[in-house]
Every structure is written in C-alpha cells, then in structure tokens.
C-alpha cells in the first residue's frame with residue numbers, strides 16, 4: 001500500500017507499507033492491503049506503519065487527531081499536528 005501522512009505544515013511520511021495502525025476515535029484499527037474504502041476520524045494516539053521492506057521496519061508517529069482515507073490501496077492520513 002502507498003501511505004502518506006500530511007500535516008498542515010509539511011509531508012510527514014511517504015512510503016510503501018504492509019500494515020498501518022491508526023487511533024480511531026472509537027478505538028484503534030489496522031489497515032491491510034486491499035482494505036475496503038473508508039474515511040474515519042482519528043483521535044490522539046500513535047500511527048504505526050510497518051514498511052514493505054525486507055526487515056519490515058516500523059515507523060511511529062504521535063498525532064493529536066485527524067482523518068484517514070483509504071481507497072485503492074492508498075492510505076492518506078491528514079493530521080493536525
């Protein structure tokens with residue numbers, strides 16, 4: 001999946017991932033390849049990205065809230081901070 005995290009100031013992350021975990025306002029949830037289209041509000045918490053690399057390295061980003069959109073294996077995370 002192609003993942004991009006964007007704040008009002010800049011692009012925070014852009015890359016390929018096998019899993020994205022986000023802090024939804026009703027609880028955390030995970031997004032995998034071929035996930036159904038969704039738009040969801042995000043609360044304060046941590047976005048975890050498992051990169052599509054040989055070592056499956058993880059990237060963690062603390063956020064104050066935002067929105068996630070998933071469509072056609074593209075995950076856009078718009079964050080407040």
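In table form, for the structure just shown:
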read-out	value
Cα-based equivalent ellipsoid, the stretch 14-58: semi-axes from gyration tensor eigenvalues, Å	20, 13, 7
Residue order, fewest to most surrounding Cβ atoms within 10 angstrom, among 60, 32	60, 32
For q = 0.13, 0.20 Å⁻¹, Debye-computed log10 I/I(0) when each Cα of the chain counts as one equal scatterer	-0.33, -0.81
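Any read-out appearing in this document is the output of simple, stated calculations on the displayed coordinates, not a laboratory observation. Everything quoted here is computed from the prediction, not taken from an experiment. Neighbour counts run over all protein chains shown; Cβ positions are idealised from the backbone, glycine included.
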